[in-house]
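Comments concern the structure below.
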Amino acid sequence: MRSTIRAIATLLCGAFLVAACAGAGATPTPAAATLPPASPTAAAATPTIAPTPTPPAMTDGQGPEHFTGLPGTEPYLEVQYTITPVGDVEQYRGGVSAWDFKTTDPRMQGHASFAFSLDAHGTLGPEWGTVTITNTDGRWAGTWTGKCAGGTWNTGDWIVFSCWLVGSGQYKGFSAYYSISDIGPGSASMEGIIFPGSPPKL
């Protein structure tokens, strides 16, 4: 679904650029006498080079920490969903999205699975479910206070959601707030916190 939508968008963008270039070529050029004189300093101007951003520092993976990260893979469908029309709403059920990722905290990385439900009102709607994140040292999972919820639009291509997770294995006794946004090709990112204790009682 994501790749099809993005391919169509790329083709439409290309067609738009071709049309724009063709239209630009048909515009008459003003006579030389009507053009303003060139600035004497224009040729001497040098382009400004933006500094290379410094990557975020890694944490020591101990105690309370703030983390940021990027997926190593684009989210993909791990388990196929079903669609049931109910009035004007299409109910997506039973699907599981997945992605592999790394963050600035080694505890919050690995393989994520998002078991989701979605009520689609046309091309957008609310989305909810549960998340599990696993790596060699432990596992993070949603609890009754940590149901993941968010929204999706552009027929599932773009999504934002967040949830509370509880650690097990070497992460036992810790909780995490995990938020992910994927609002366009190559834009997926995640951020959150890890701390000792339990999620808030919401």
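Tell me whether region 92-138 comes out rounded, prolate or oblate; compute the Cα gyration tensor, take square roots of the eigenvalues as a ≥ b ≥ c, and use a/c under 1.5 as the rounded threshold. Judged from the Cα gyration tensor, region 92-138 comes out prolate (a/c at least 1.5, a/b above b/c).
Each label point was placed 7 Å from the Cα along the Cα-to-Cβ direction; for residue 160 and residue 193 their separation is 1.9 nm.
The calculated FRET efficiency for the pair residue 168 and residue 88, based on their C-beta separation and a Förster distance of 45 Å, comes to about 0.65. Neighbours of residue 134 by Cβ distance under 15 Å: Lys/Arg scored +1, Asp/Glu scored -1, total +1. The Cβ shell under 10 Å around residue 110 holds other residues with a net charge of +1, Lys and Arg each +1, Asp and Glu each -1. For residue 190, the solvent-accessible surface computed with a 1.4 Å probe is close to 10 Å², ligands and nucleic acids excluded.
Can you give the net charge of the other residues whose Cβ lies under 11 Å from the Cβ of residue 166, counting K and R as +1 and D and E as -1?
Working: positive: 139, 172; negative: none.
Here the charged neighbours net out to +2.
To the nearest 10, the accessible area of residue 139 is 110 Å² with a 1.4 Å probe. For residue 61, no residue has an amide H sitting under 5 Å from its own, ignoring neighbours fewer than 5 places away on the same chain, with H placed 1.01 Å from N.
The values are calculated or read from the model by the stated rules, or taken from the named source; none is laboratory data. This is a predicted model, so every value here is computed, not measured. Here the Cβ is made from the backbone with ideal geometry for all residues, glycine too, and neighbour counts use every protein chain on show. Surface areas here come from the heavy atoms of the whole protein model, side chains and all, with no ligands, DNA or RNA. Shrake-Rupley method; radii C 1.70, N 1.55, O 1.52, S 1.80 Å.
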